[in-house]
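Student: Let me give you the structure first, and then I'll get to my questions.
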Amino acid sequence: MTIDFKSKWLPAIISGLLLTAAFPKIGISALAWFALVPLHIALRERTPQEAFRVGMIAGLAHYLTLLYWVVFTMRTYGYLPWWQCVSLLVLLSAYLALYTGFFALAMVRICKKPLHLILFAPVLWVALEYIRSFLLTGFTWGTVGYSQFNRLHIIQISDMFGVYGVSFLVVLFNAAVYVLLLSLAQKKWRDHPVERWQAILAVVLPLTLISLGLVYGKMRIRAMDEAIAGASSPRVAVVQGNIDQARKWDPAFQIGTTKKYLDLTLSAVADKPDLVVWPETATPFYFEASPKLTRLVTDTIRKAGIPLLVGSPSVQGAAGSHAYYNSAYMVAADGRATGRYDKVHLVPFGEYVPLKYLLSFVGKMVAQVGDFSSGEKGRTLAWGKNEPPIGVQICFEIIFPELSRSLVKNGAGVLVNLTNDAWFGKSSAAYQHFSMAVFRAVENRRSLVRCANTGISGFVDPAGRIMARTALFEDAVVVKAVPILTGKTVYTRIGDVLPIVCLIVLGVLMGWPMIRDRQAVQEAIRINIPDWIKRLVSRIVGKRR
């Protein structure tokens, strides 16, 4: 048992922990380029079923340590007992670990020779990351490419391939390192030795692609600097109110909270901003539906003479048929609300309960947030006479590349992320959330403004450079010139072509052997599938043969 632990489970656990260490707060991004090597080592002599379990262990080690903050959030704001909070973390981590498990299974089943590791490992990984981005509403937290947000030159390829292009390179390098180690140790993979030319390929291919990426990155940064130098650069102020989440919705603090934001806004007037931004649900009331408090805001904005983008809950519809939204209002300098964006991608069990008629027992988990409806995808907000509209993303919408793309395709000249990360406390979640926003700027070559209730607020330029950022749990007002670019990148135009191609390749690699070999089908469906489904699939495959 000790030998089995050392040869199988321990390397998998090490891989999971190394992956976590590559992300903030620890943030040693270089570890991602080697983190999967121990997992590869653990898979060398495993059956597909064993490989799946090994992959699950690696995934659990990673996601339990990456998402530990879920326990704090659900305990503090969901008011759930500790055992339920821990259970939710384990369930979420187990779901995400399934993808790592399927990656490991596919590696053993598809990669029959050492060469296949280099060719197929990045394809399999990216395909599964892409599936994770939309299956069960999607959850892209922890996509490997995000760990490289601070490696400016390598992330420039995101304007062609998105964050998945960076993931592809990272996983390719891991696989190449493993093949090289096999060669040096004169070990076999699936009874096949590493031939000399394969060892050379393991060195040449990743280094060539990474070098090309770095050269491209240098060229694109230079091009962005030239574009920024000639671009219009209005001044934007972000207001970080630092409102205690426990008091945020207490009626006794409504006026005090609102006045705090107004006072911080007035303190920025001397810097002559062209736009002021407040965070997600900054107003502790329904904007427009609460006339007195709304007038308190609009009157001050009118006196300041500066447009305001403000996060606020909103309600629409007649009595008895109200629809509630997590919204952002554009308030013109004359105090009129001229536009509204409603959050599109809501947080399951946080902003709404999916299948509520079946899952009514989890209603308390969303007690502080509400049960919101979804808005219109790609809706932009006009704000200046001579400036392109703003593309708003609220909270974790920023982790979904497709939403940013839709805004830019609809003419957005700048992306604004309004969020309230007070839920995360001082955990690593706030840092991870901020790091993912960097990619939306690079993918679409747009400046990104981020305004958070308790931080991290900041500014990212179209090259992905963090121009300014605030600390957590501090009152802050930051004013920066924001360059406005209008061109559309390859990624903005064509989207996630790379992961879609990888997904097609995965389907072919996994499906073809099963179509060709009835026995492979039976082996693949052996575990925990009802007999009638097994017989049905076997008959279908038998007829095709």
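Student: For segment 290-304, does any single residue satisfy the condition of being among the hydroxyl-bearing types (S, T, Y), within 18 Å of G241 (Cβ to Cβ) and open to solvent by less than 10 Å² (accessible area, probe 1.4 Å)?
Tutor: No, segment 290-304 contains no residue that is among the hydroxyl-bearing types (S, T, Y), within 18 Å of G241 (Cβ to Cβ) and open to solvent by less than 10 Å² (accessible area, probe 1.4 Å).
Student: While we're here: Counting residues that are farther than 25 Å from P122 by Cα and of a type in the set (V, I, T), which helices (runs of 4 or more DSSP H) fully inside segment 13-91 reach at least 1?
Tutor: 69-77
Student: While we're on this one: Check T208, T265, T281 and return the single one that is touching a strand residue (DSSP E or B) at 6+ places or on another chain (Cβ under 7 Å), hydroxyl-bearing (S, T, Y) and modelled with pLDDT of 95 or more.
Tutor: T265
Student: Here's a follow-up. For segment 84-100, does any single residue satisfy the condition of being open to solvent by 10 Å² or more (accessible area, probe 1.4 Å) and in contact with a Ser or Thr (Cβ under 7 Å, 6 or more places away or on another chain)?
Tutor: Checked segment 84-100: no residue is open to solvent by 10 Å² or more (accessible area, probe 1.4 Å) and in contact with a Ser or Thr (Cβ under 7 Å, 6 or more places away or on another chain).
Student: Determine which member of the set I504, I484, I494 is at negative phi and in contact with a Pro (Cβ under 8 Å, 6 or more places away or on another chain).
Tutor: The unique qualifying residue is I484.
Student: Turning to a different aspect of this structure: Residues in segment 204-225 that are closer than 16 Å to P122 by Cβ, open to solvent by 40 Å² or more (accessible area, probe 1.4 Å), without any contact (Cβ under 8 Å) to a residue 60 or more places away in the chain and of a type outside the set (S, T, N, Q): how many?
Tutor: 4
Student: Please tell me if R379 is open to solvent by 10 Å² or more (accessible area, probe 1.4 Å) and assigned to a helix (DSSP H, G or I).
Tutor: Answer is no for this residue.
Student: Confirm whether A282 is crowded, with 24+ Cβ neighbours inside 10 Å, out of contact with any Cys (no Cβ under 6 Å at 6 or more places or on another chain), hydrophobic (A, V, I, L, M, F, W, C) and not in a helix (DSSP H, G or I).
Tutor: Criteria met by A282.
Student: Something else now. If we keep just the residues of segment 402-414 that are open to solvent by less than 10 Å² (accessible area, probe 1.4 Å) and not aliphatic (A, V, I, L, M), which is farthest from V239 (Cα to Cα)?
Tutor: If we take residues in segment 402-414 being open to solvent by less than 10 Å² (accessible area, probe 1.4 Å) and not aliphatic (A, V, I, L, M), then S404 is farthest from V239 (Cα to Cα).
Student: Taking N417 as meeting all but one of (1) open to solvent by less than 10 Å² (accessible area, probe 1.4 Å); (2) within 18 Å of G487 (Cα to Cα); (3) touching a strand residue (DSSP E or B) at 6+ places or on another chain (Cβ under 7 Å); (4) of a type outside the set (K, R), write down the number of the exception.
Tutor: (2)
Student: Moving to a separate point now. Given (1) modelled with pLDDT of 95 or more; (2) farther than 22 Å from L346 by Cα, where does R109 come up short, assuming only one miss?
Tutor: (1)
Student: The conditions are (1) over 19 Å from Q393 (Cα atoms); (2) open to solvent by less than 20 Å² (accessible area, probe 1.4 Å), and Q316 fails exactly one of them. Which is it?
Tutor: (2) is the only condition that Q316 fails.
Student: I'd like to verify a number: residues in segment 401-438 that are of a type in the set (K, R) and over 16 Å from the mean Cα position of the chain (by Cα), how many?
Tutor: Of the residues in that region, 2 qualify.
Student: Continuing with the same structure: Considering only residues of segment 251-275 that are open to solvent by less than 60 Å² (accessible area, probe 1.4 Å) and assigned to a loop (DSSP other than H, G, I, E, B), which is farthest from G384 (Cα to Cα)?
Tutor: A268
Student: Looking at segment 455-477, which of the residues that are under 22 Å from G425 (Cβ atoms) and of a type in the set (G, A, S) is surrounded by the most Cβ atoms within 10 Å (Cβ to Cβ)?
Tutor: Looking at residues that are under 22 Å from G425 (Cβ atoms) and of a type in the set (G, A, S), I get S457.
Student: Across segment 462-484, what is the total count of residues that are closer than 23 Å to S158 by Cβ, of a type in the set (D, E, K, R) and out of contact with any Leu (no Cβ under 8 Å at 6 or more places or on another chain)?
Tutor: Qualifying residue count for the region: 2.
Student: With respect to I41, determine if the residue is in contact with a Pro (Cβ under 6 Å, 6 or more places away or on another chain) and within 24 Å of V171 (Cα to Cα).
Tutor: Answer is yes for this residue.
The values are calculated or read from the model by the stated rules, or taken from the named source; none is laboratory data. None of the values given here were measured: they were computed from a predicted structure. Positions of Cβ are generated from backbone atoms using ideal geometry, with glycine treated the same way; all protein chains shown enter the neighbour counts. For accessibility, only protein heavy atoms count, side chains too; no ligands or nucleic acids. Shrake-Rupley method; radii C 1.70, N 1.55, O 1.52, S 1.80 Å.
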